[in-house]
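One structure is given below, encoded as structure tokens.
The values are calculated or read from the model by the stated rules, or taken from the named source; none is laboratory data. Given the structure is predicted, the values throughout are model-derived calculations rather than measurements. All Cβ positions, even for glycine, are placed from backbone atoms using ideal geometry, and neighbour counts span all protein chains on display. Areas reflect the complete protein model, heavy atoms only, side chains present, ligands, DNA and RNA absent. Shrake-Rupley method; radii C 1.70, N 1.55, O 1.52, S 1.80 Å.
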Amino acid sequence: MAEISSSPTIKKGENKVENWPQERQKQDIKKESKTLTYKGVLTKILDPCAGLYELDGELVLCTAYLQLPNRGRGLREGATVEVFDAHLQQSPSPLFPPLVLACCLRSRVHISEFSRLSSSHSPVVAASNLHLHLLFRYQLRLPEYLWVSDVVEKLREKLYPYLVTQRCLVGPLGSGPPGLAENLLSQTLSSLYLPGGSHERNPQGEILDVLHDCPLRKYSPLPSPWSLPSLSLLSSLVSENRFLRSSELNRRLHWSYNVLQPEDLPTPPRLLGVLHTSSSGVLKLKDQMFSLPCLILPRPPIAWIGCVIKVSEYELIMEKVENKVKEKIEYKTYVLFLCQNVQVLHQPHICSSCTDKASCVPRPSKCPRTCVPWVSRLFVIGRVEGRGPRSSSEGGLQFQAQATWVGGPQLLEAKYNYEDGELKTEEDKPLNRVLLLFSGSSVRWFNFLQPNRLYRLIATGETNLGIFDRQSESSLQISNCMECFTVHSEWTLQDVENPEILLFPIEEILCIKEALKKSSPGSLLSVTGTVSHRSICDAQSTYMQHSRRTISEDFFPQGISLKLTLMEIASHSEVSVYIDLSRGPYPLGLLPGVTLLLQGLEWKVSRSGSIYLRSVSTCCVCVLSTPTKSSEHLPPPPIVLFKNLPGPMTLRRAVCSVSCVLNLTLRWVCSMCGDIFRKGACARSPSCSSKSGVFQAKARVKADDGSSEVVLELQDDAVSLMLGMSPGFWEALQRRVLSRGEVTMQYRGRNHEVLTEEQSEDTLLRYVTYLTSRSSVSRPLLLTFTLRRNNTESLSAALPQSRRFTRGDRDYITYVPSAPTLTCLHLQEVDPRTFCHLIHDRNLSNVT
């Protein structure tokens with residue numbers, strides 16, 4: 001190839017520039033491009049609108065800064081192209097090949113040989129060109145322009161043509177409001193340069209000046225500020241095990257969750273899609289290839305349905321349930337974000353360029369165009385109940401909402417006005433209470449209804465004002481004391497701007513401490529608290545009374561309930577909540593660290609005297625906040641003395657030591673039936689064919705902190721820590737217990753418990769007895785506990801027990817009060833220095 005100018009020349013196939021300064025490749029701030037001439041074959045048209053082509057399969061040619069004659073005719077695949085006075089930049093963007101050849105106004109592009117392939121021509125049109133509009137408006141240099149081109153291409157792949165039109169994507173380009181693409185990029189492009197740092201182009205100087213200066217002469221490689229991946233790619237990222245945060249375990253199921261945030265990745269991904277809602281009441285973000293369920297806090301406005309939204313701060317969550325018996329794994333992936341982090345990029349219901357045919361979003365999940373005066377009516381929501389299965393044979397879900405009609409039915413064009421903060425209508429009608437029934441496709445409105453908010457119900461296609469006076473037979477069967485009305489599936493809702501309307505009294509929401517004291521068995525209440533722990537309960541081990549009508553959901557097996565431990569951070573009170581999944585679908589966002597509002601829980605007392613709450617058919621679960629980074633960030637409970645024990649279900653800590661082990665039980669149980677499991681098989685074999693077992697350890701010990709003595713109940717990991725066994729020895733002991741299924745040890749001391757039978761000759765039992773009698777068991781421990789409810793009476797009122805004490809050659813029998821029983825929640829060892837600090841803090845807190 002002939003050399004046209006004195007600039008260096010690259011030959012076909014070379015990967016380096018001749019005489020390229022090596023030190024400039026290491027500069028991070030500014031680099032200077034080389035002007036050269038290049039001749040090669042056009043192997044691929046990357047983006048004709050952006051002026052990006054591929055030469056020789058390894059070099060990118062950018063013609064955006066140069067106006068091509070004849071709209072780039074001749075730039076086809078297979079053509080031989082010769083470029084004069086072009087700027088070569090090395091690695092300006094990680095999204096493209098390392099070598100990029102860019103043409104400025106002084107450059108020339110010559111077609112040396114036309115293509116012999118039957119490739120189509122993609123003309124370059126300067127008018128209505130989004131790339132050129134962004135290039136000149138924001139004075140982009142090549143690294144920024146390459147990133148913008150990649151984002152626009154990803155945006156087109158996600159939304160065009162099925163979700164948005166080309167005109168909505170591009171916009172009027174200067175003659176009106178910006179389009180979707182410019183709304184997405186404007187904030188980032190405006191912040192790329194400091195004020196006054198933009199480079200104003202001088203076309204005449206770029207062509208004629210002896211000392212050449214153009215936007216392509218100097219450059220700084222730009223890492224991608226953010227990326228725009230597809231929703232399916234985001235869903236696959238969170239499935240990697242390196243983001244594992246926590247897990248829950250029961251006999252048969254392993255329940256875990258992974259959390260991925262944008263800052264966890266090198267290039268933060270932006271979440272972008274069309275918001276719509278399904279007939280099951282689940283919000284979803286949708287692109288052309290995938291839909292991702294989402295949980296928005298607080299509840300979003302109805303006007304967002306069908307809109308293109310962008311979210312920069314969010315949490316991508318994947319929950320996994322592994323059925324160890326059936327060897328089956330189920331996944332549920334969704335995204336959680338706040339309304340304040342949402343940017344609405346495009347609203348189709350107010351865009352003149354959008355039509356119903358331009359979107360593939362189903363009609364029930366988007367706001368319809370109200371071209372005719374349909375009948376509508378205003379109402380205020382009082383309370384929204386939870387979703388549950390329909391009573392009819394049609395299947396699906398339903399939910400009810402207590403509401404109040406505001407005024408009478410009117411055509412949609414009728415106006416309501418507000419005077420002095422009061423809502424007035426043209427007709428003087430009383431405010432009628434009504435029970436709205438949403439079933440079938442109308443369940444899609446579940447995530448948008450909020451108490452004491454005004455909404456407009458539009459009877460789509462109806463012009464008869466008496467449509468709201470009709471009631472279906474199913475509505476009449478639901479309630480005999482309140483007017484019921486069924487919301488049709490094709491009808492729609494609208495938010496109405498209104499002042500504060502309190503037609504319903506504000507429901508009393510109790511904290512955990514108040515709920516434990518003020519309620520009575522059987523009463524319904526609403527509580528709020530932070531989830532500190534969650535677990536799965538089998539049907540035979542839960543307090544739930546399962547509904548006959550069940551929800552066909554594949555995530556959890558049938559007959560499974562959830563146990564949530566709610567904690568009040570201020571008082572460290574906690575309570576167990578049991579949620580029956582057969583009464584409704586699994587609510588998203590039940591993760592440790594989130595704050596929940598549960599309405600319609602039943603207050604119950606267990607056989608052991610503990611207070612718990614359980615869901616009923618009308619229970620509604622609302623997530624109020626995103627999960628905390630870690631449960632360790634929660635403030636620790638205060639340290640108390642055993643003589644100053646708090647009320648039940650209140651978390652406290654104590655520094656104590658174990659005085660003796662009263663009894664210890666080590667056993668293997670079947671993962672299916674719960675019977676004894678030994679030698680790799682269930683004791684009920686062959687009726688039970690299970691081949692998997694679960695190890696359990698339970699112990700009752702006496703602990704002392706210097707002020708009083710208590711009975712402490714331990715299980716599983718707390719037992720091994722109390723015994724001071726290493727993980728290896730603990731696993732070896734479990735294997736020995738597996739050979740016989742169960743080992744039980746009871747204390748034989750003369751001063752604590754009644755004597756048992758003669759000591760067994762069993763070597764395993766003697767070894768376990770030796771472990772419990774070692775002096776290392778009585779070492780300082782930090783205990784987190786709760787007091788059982790049946791020990792809340794004063795110690796003087798408790799029944800005393802006779803105790804025998806021996807001093808010298810004499811025995812003494814006396815009556816002492818019963819020791820309170822504590823449930824261990826967490827046990828840990830403390831070093832001597834930390835132990836002294838804890839004792840000091842405990843003494844100060846008890847003195848004050």
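Does segment 531-539 contain any residue that is within 23 Å of Ile296 (Cβ to Cβ), at pLDDT 80 or above and assigned to a strand (DSSP E or B)? Looking through segment 531-539, at least one residue is within 23 Å of Ile296 (Cβ to Cβ), at pLDDT 80 or above and assigned to a strand (DSSP E or B). Looking across segment 161-192, the residues that are polar (S, T, N, Q) and assigned to a loop (DSSP other than H, G, I, E, B) come down to Thr165, Ser175, Ser191.
Could you pull out every one of the strands (runs of 3 or more DSSP E) wholly within segment 231-279 that has 2 or more residues that are modelled with pLDDT of 85 or more?
On the way: elements: 244-249, 253-260, 271-277.
It comes to 253-260, 271-277.
Restricting attention to segment 286-311, the residues being under 18 Å from His349 (Cβ atoms), among the aliphatic types (A, V, I, L, M) and under 18 Å from the mean Cα position of the chain (by Cα) number 1. Pairing residues of segment 566-581 that are in contact (Cβ under 8 Å) with a residue 12 or more places away in the chain and under 18 Å from Cys620 (Cα atoms) with residues that are of a type in the set (Gly, Ala, Ser) and surrounded by 22 or more Cβ atoms within 10 Å (Cβ to Cβ), at Cβ distances under 6 Å and at least 6 apart in sequence or on separate chains, gives Leu566/Gly529; Tyr578/Ser561; Ile579/Ser615; Asp580/Ser561; Asp580/Ser615.
Condition check ((1) open to solvent by 20 Å² or more (accessible area, probe 1.4 Å); (2) out of contact with any Ser or Thr (no Cβ under 6 Å at 6 or more places or on another chain); (3) outside any loop (DSSP other than H, G, I, E, B); (4) among the acidic types (Asp, Glu)) across all residues:
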{"residue": "Leu285", "(1), (2), (3), (4)": "no, yes, yes, no"}
{"residue": "Gln288", "(1), (2), (3), (4)": "yes, yes, no, no"}
{"residue": "Cys294", "(1), (2), (3), (4)": "no, yes, yes, no"}
{"residue": "Ile309", "(1), (2), (3), (4)": "no, yes, yes, no"}
{"residue": "Glu313", "(1), (2), (3), (4)": "yes, yes, no, yes"}
{"residue": "Leu316", "(1), (2), (3), (4)": "no, yes, yes, no"}
{"residue": "Glu319", "(1), (2), (3), (4)": "no, yes, yes, yes"}
{"residue": "Glu322", "(1), (2), (3), (4)": "yes, yes, yes, yes"}
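Considering only segment 577-604, how many residues are crowded, with 20+ Cβ neighbours inside 10 Å and in a strand (DSSP E or B)? The number of residues fulfilling the criteria is 8.
With respect to the conditions (1) out of contact with any Gly (no Cβ under 7 Å at 6 or more places or on another chain); (2) surrounded by 18 or more Cβ atoms within 10 Å (Cβ to Cβ); (3) at pLDDT 80 or above; (4) under 18 Å from Ile512 (Cβ atoms), Phe556 lacks only one, and its number is (4).
Of all strands (runs of 3 or more DSSP E) completely enclosed by segment 333-427, which ones contain at least 3 residues that are at pLDDT 80 or above?
So the answer is 342-346, 375-384, 397-411.
Among the listed residues Gln696, Gln715, identify the single one that is among the polar types (S, T, N, Q), surrounded by 14 or more Cβ atoms within 10 Å (Cβ to Cβ) and closer than 29 Å to Glu327 by Cα. Explain how you work it out, then say what you get.
On the way: Gln715 fails: surrounded by 14 or more Cβ atoms within 10 Å (Cβ to Cβ).
Only one candidate passes the filter, namely Gln696.
Among the residues that make up segment 296-303, is at least one of them over 26 Å from Val321 (Cβ atoms), in contact (Cβ under 8 Å) with a residue 24 or more places away in the chain, of a type outside the set (Gly, Ala, Ser) and in contact with a Ser or Thr (Cβ under 9 Å, 6 or more places away or on another chain)? The answer is yes; a qualifying residue exists. Within segment 678-692, the set of residues being open to solvent by 30 Å² or more (accessible area, probe 1.4 Å) and of a type in the set (Gly, Ala, Ser) comprises Gly680, Ala683, Ser685, Ser687, Ser689, Ser692. Ser708 meets the stated requirement of being of a type outside the set (Phe, Trp, Tyr), farther than 26 Å from Cys537 by Cβ and touching a residue at least 60 places away in the same chain (Cβ under 8 Å).
Considering only strands (runs of 3 or more DSSP E) fully contained in segment 59-160, which possess at least 1 residues that are charged (D, E, K, R) and crowded, with 17+ Cβ neighbours inside 10 Å? Break it down stepwise before answering.
Working: elements: 59-62, 80-90, 99-102, 108-113.
So the answer is 80-90.
For segment 486-513, give me the residue count where each residue is at pLDDT 85 or above and either open to solvent by 50 Å² or more (accessible area, probe 1.4 Å) or out of contact with any Asp or Glu (no Cβ under 9 Å at 6 or more places or on another chain) (or both). So the count comes out to 12.
Evaluating Ser778 against the criteria (1) open to solvent by less than 60 Å² (accessible area, probe 1.4 Å); (2) at pLDDT 75 or above leaves one unmet condition, (1).
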